[in-house]
Amino acid sequence: MDIKVVKFGGSSLAAAEHFRRVAAIVKADPSRRYVVASAPGKRNSGDVKVTDMLYQCYEMAHNREDITDFFARIAERYNSIIRDLGLDFDIRGELDYIKNAILHHSGRDFAASRGEYLNSLILAKYLGFAFIDAESVIYFHENGTFDEEHTNEAMREELASRSYAVIPGFYGVMPNGTIKTFSRGGSDITGSIVARAAEASLYENWTDVSGFLMADPRVVKNPRPIRTVTYRELRELSYMGATVLHEDAIFPVRNAGIPINIRNTNEPEAPGTMIVATAAEYDTQSVITGIAGKKGLSVITIEKDMMNAEIGFGRRVLEVLEDYDVSFEHLPSGVDTMSVVVATAAIEGRREKILAAISRSVRPDSVVVEDGLALLAVVGRGMVKSKGTAARVFDAISNAGVNIRMIDQGSSELNIIVGIEENDLGAAENAIYREFIKD
Ligand code: ASP
């Protein structure tokens with residue numbers, strides 16, 4: 001039988017009513033055998049995620065403040081779920097242990113990880129599934145990086161002895177036995193790791209949206225959902241800021257060739273978005289897959305006659321940025337000009353020093369920095385096959401009265417990136433969307 005690994009995000013497990021929905025989804029398909037759970041998320045817009053409460057509780061204990069009332073609020077999040085589900089389950093011992101550990105200066109990661117730990121205990125009980133603690137199957141190296149092979153071995157062995165199980169997301173264990181978490185949103189990574197170890201046919205990632213949309217809904221009205229996207233397209237779109245899935249969640253399943261299906265717990269019939277290695281069997285409905293924009297960029301423009309003949313010019317410019325720990329986003333160049341696109345926030349407070357260092361290093365004719373740049377990426381595997389896509393993109397932008405400051409097409413023909421004024425981003429994004437998507 002096929003195995004599916006299903007991960008539920010915090011907003012899908014925030015209260016008892018969500019647990020019921022989750023159970024219905026899991027039980028509807030017996031191949032949904034391994035469930036990865038997040039900590040309870042927000043129940044409404046004014047609510048606080050349990051993970052954030054745990055971080056705060058840790059800080060309070062650290063500052064020797066009294067955590068009694070605050071911890072009781074965290075405990076109540078779980079107790080109300082248990083009560084509302086009518087479960088016969090006593091977690092008092094667990095809660096006391098955790099509170100004590102936080103008071104006695106357990107690590108910050110330990111505190112945060114208890115959010116998924118407790119939620120998974122409850123979900124396992126509710127589903128009648130085994131509970132596998134992530135600390136016995138997910139390992140980190142001494143230097144804090146994820147120990148992929150050790151984890152895969154241990155996880156595979158453990159899963160082989162359990163037909164149905166719940167595994168808490170977000171954390172694992174260091175060689176010295178202390179708990180360590182992934183970065184925020186890291187339960188997505190756990191799901192991917194479990195899917196790889198289980199040799200799953202599918203990794204379902206259940207959240208509160210019906211997959212990826214072709215454009216930012218705050219910019220374009222009612223954008224269409226993306227039915228299928230390749231891993232590479234997704235990398236391009238998420239780099240530009242489309243976030244539904246943790247970036248690092250892609251790698252374990254990508255290498256194993258397991259597709260990810262983003263689904264909506266509140267709309268379980270919707271097909272969501274399929275993330276696949278190659279989309280040969282899933283034909284594109286349109287030339288472009290998605291549009292994404294990124295604001296808050298600055299461009300450093302360096303001019304020097306005969307720059308192209310000067311060996312090591314580019315390297316020396318980039319070395320200066322490296323010295324200041326600034327990474328560059330894009331590097332469009334002319335014959336005697338070089339432009340480096342960087343995040344404005346990364347140069348804030350030291351732009352004069354950086355410009356002076358570049359001047360000393362390469363003695364340019366001029367070096368200036370301009371703020372207020374936005375990049376707009378038009379991404380689509382369908383571009384390779386269709387002619388004239390770039391022309392359509394540029395026409396749409398100029399018909400919207402927007403000036404293009406920079407153009408960059410990846411040689412893989414997977415994307416076209418244009419640099420425009422930040423204030424023009426909305427108009428340009430809408431114009432491109434309308435050009436390619438005709439209702
Ligand atoms: N609960 C953790 C967070 O809020 C991890 C996750 O939900 O994926 O970041």
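So in the range 395-439, with the set limited to residues that are among the β-branched types (V, I, T) and surrounded by 18 or more Cβ atoms within 10 Å (Cβ to Cβ), which one is nearest to M383 (Cα to Cα)?
Across the range 395-439, the extreme among qualifying residues is I416.
Kindly provide the set of residues from the range 1-18 that are under 22 Å from R83 (Cβ atoms) and more than 16 Å from the ligand (Cβ to nearest atom), ordered by number.
Within the range 1-18, A16, E17 meet the criteria.
How many residues, within the range 151-171, are within 16 Å of the ligand (Cβ to nearest atom) and either without any contact (Cβ under 8 Å) to a residue 40 or more places away in the chain or not hydroxyl-bearing (S, T, Y) (or both)?
The number of residues fulfilling the criteria is 5.
Check the range 86-99 and report whether any residue there is within 30 Å of the chain's Cα centre (by Cα), at pLDDT below 95 and either within 16 Å of the ligand (Cβ to nearest atom) or under 17 Å from G10 (Cβ atoms) (or both).
no
What is the one condition in (1) of a type in the set (D, E, K, R); (2) modelled with pLDDT under 95; (3) in contact with a Ser or Thr (Cβ under 9 Å, 6 or more places away or on another chain) that R405 does not satisfy?
(3)
Checking V36 against (1) in contact with a helix residue (DSSP H, G or I) (Cβ under 9 Å, 6 or more places away or on another chain); (2) open to solvent by 10 Å² or more (accessible area, probe 1.4 Å); (3) under 30 Å from S201 (Cβ atoms), which single condition isn't satisfied?
Only one criterion is unmet by V36, namely (2).
With Y117, Y139 as the choices, which residue is within 15 Å of the ligand (Cβ to nearest atom), in contact with a Pro (Cβ under 8 Å, 6 or more places away or on another chain) and either without any contact (Cβ under 8 Å) to a residue 60 or more places away in the chain or open to solvent by 30 Å² or more (accessible area, probe 1.4 Å) (or both)?
Y117
Specify the residue that is farthest from the chain's Cα centre (by Cα); the eligible residues are those in the range 172-210 that are part of a loop (DSSP other than H, G, I, E, B) and within 13 Å of the ligand (Cβ to nearest atom).
Filtering the range 172-210 for residues that are part of a loop (DSSP other than H, G, I, E, B) and within 13 Å of the ligand (Cβ to nearest atom), the one farthest from the chain's Cα centre (by Cα) comes out as D208.
For (1) without any contact (Cβ under 8 Å) to a residue 40 or more places away in the chain; (2) among the small types (G, A, S), each residue gets a yes or a no:
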{"position": "A23", "(1), (2)": "no, yes"}
{"position": "P40", "(1), (2)": "no, no"}
{"position": "V50", "(1), (2)": "no, no"}
{"position": "N63", "(1), (2)": "yes, no"}
{"position": "T68", "(1), (2)": "yes, no"}
{"position": "F71", "(1), (2)": "yes, no"}
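Specify the residue that is farthest from A343 (Cα to Cα); the eligible residues are those in the range 386-409 that are in contact (Cβ under 8 Å) with a residue 24 or more places away in the chain and part of a loop (DSSP other than H, G, I, E, B).
Within the range 386-409, the match that is farthest from A343 (Cα to Cα) is S386.
Quick check, is D133 under 17 Å from G172 (Cα atoms) and free of Cβ contacts under 8 Å to residues at least 40 places away in the same chain?
Criteria met by D133.
Has the range 128-150 got at least one residue that is over 26 Å from the mean Cα position of the chain (by Cα) and part of a helix (DSSP H, G or I)?
No: the range 128-150 contains no residue that is over 26 Å from the mean Cα position of the chain (by Cα) and part of a helix (DSSP H, G or I).
Give me the pairs, please: first residue somewhere in the range 174-194 and at positive phi, second residue anywhere and within 8 Å of the ligand (Cβ to nearest atom), beta-carbon distance under 9 Å, and either six or more positions apart or on two chains.
Matching pairs, first to second residue: G185/G9; G185/S38; G185/F170; G185/H246.
Mind checking which residues of the range 49-69 are open to solvent by less than 60 Å² (accessible area, probe 1.4 Å) and of a type in the set (V, I, T)?
Residues satisfying the conditions are V50, T51, I67.
Counting only residues that are in a loop (DSSP other than H, G, I, E, B), open to solvent by less than 70 Å² (accessible area, probe 1.4 Å) and either closer than 18 Å to R434 by Cα or within 15 Å of the ligand (Cβ to nearest atom) (or both), how many does the range 213-256 have?
Within the range 213-256, residues that are in a loop (DSSP other than H, G, I, E, B), open to solvent by less than 70 Å² (accessible area, probe 1.4 Å) and either closer than 18 Å to R434 by Cα or within 15 Å of the ligand (Cβ to nearest atom) (or both) number 10.
The values are calculated or read from the model by the stated rules, or taken from the named source; none is laboratory data. Nothing here was measured: the structure is a model prediction, and the numbers come from that model. Counting neighbours? That spans all protein chains shown, and the Cβs are built from the backbone with ideal geometry, glycine included. Note: accessible area is taken over every heavy atom of the protein model, side chains too, but ligands, DNA and RNA are not part of it. Shrake-Rupley method; radii C 1.70, N 1.55, O 1.52, S 1.80 Å.
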